[in-house]
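Remarks on the structure that follows.
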Amino acid sequence: MSRILIAEDEARIASFIEKGLKSHGFTVSTAATAQETTTLVLGSDFDLLILDLGLPDQDGLQALEELRGQGAKLPVIILTARDDIDDKVAGLEGGADDYLTKPFRFEELLARVRLRLRNRSSVTPSEEMVLRVGEIELDLRTRQVCVGDHNIDLPTREFILAETFLRHPGQVLSREQLLDRVWGYDYDPGSNVVDVYVGYLRKKLGSQFFETVRGMGYRLRV
């Protein structure tokens, strides 16, 4: 199981990323300062670092330079609000493998994480690339869904929602959980978008698979 460290001092964002990655089978730790990040990276066997540049005790670029100088070879994805091209160039030239700006969507971050881990040949069997529950099969590589003998192409958001259900078969998922995992940390808790998208999945994959649990949320029938 791949181990990921999130270096992020904003607790809400760190928690959002942590929950999302854990739901996809990763082992996740967090750090709120550059010093803690350096200590954890050099003292543990992490497979990937997600690094914010605006850490309170040291600029993330300096921390990255120090890590590379001390021999840390793990892939690093910079996740920052700095969107200036000079910052991006500095980050990539300073040893980062990827650079993503805030605000961001979790599915894009997840895709970049998987790509970096795949390039490092560290994706393990525990990180399933094909999910199966009953007649539904979902391939994370081709982004195709099969129900029985029928192949179904889903838009990105519907695919991520389907993936979330398939990773938690039989479990009741609240609307808040689904909003958090599929639409991101900046979601509107009063939105009915979850109900709308569950309706899309029912039409395309089969209404018999998605059960409404009154007052609680939705469940994928096993």
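The values are calculated or read from the model by the stated rules, or taken from the named source; none is laboratory data. Everything quoted here is computed from the prediction, not taken from an experiment. No Cβ is skipped: glycine too gets one built from the backbone with ideal geometry, and neighbour counts run over all protein chains shown. Just the protein is used for accessible areas: all its heavy atoms, side chains included, with ligands, DNA and RNA removed. Shrake-Rupley method; radii C 1.70, N 1.55, O 1.52, S 1.80 Å.
When a/c is below 1.5 the answer is rounded, else prolate if a/b is larger than b/c, else oblate, so apply that to region 1-73 with a ≥ b ≥ c taken from the square roots of the Cα gyration tensor eigenvalues. Oblate is the answer for region 1-73, as a/c is 1.5 or above yet b/c matches or exceeds a/b. Computed with a 1.4 Å probe over protein heavy atoms only, the accessible surface of the chain comes to 48 Å² per residue.
Where the alpha-carbon atoms of region 11-134 are placed on the principal axes, they occupy 49, 30, 26 Å, in descending order. Across region 1-94, the relative contact order, built from alpha-carbon pairs under 8 Å that are at least six residues apart, equals 29 percent. Once the C-beta distance of Arg12 and Arg68 is scaled by a Förster radius of 30 Å, the resulting FRET efficiency is 0.55 to the nearest 0.05. Computed with a 1.4 Å probe on the full set of protein chains, the accessible area for Glu176 sits at about 100 Å². Computed extension length for Val222-Glu108: 38.2 nm, one decimal, from 0.36 nm per residue of separation with the Cα-Cα distance subtracted. Cross-link reach is defined here as a Cα-Cα straight distance under 28 Å, omitting same-chain residues fewer than 8 places apart; for Lys73 the lysines meeting it are Lys19, Lys22, Lys88, Lys102. Per-atom-type breakdown for the chain gives carbon and sulfur 46% of the accessible area (1.4 Å probe, protein chains only).
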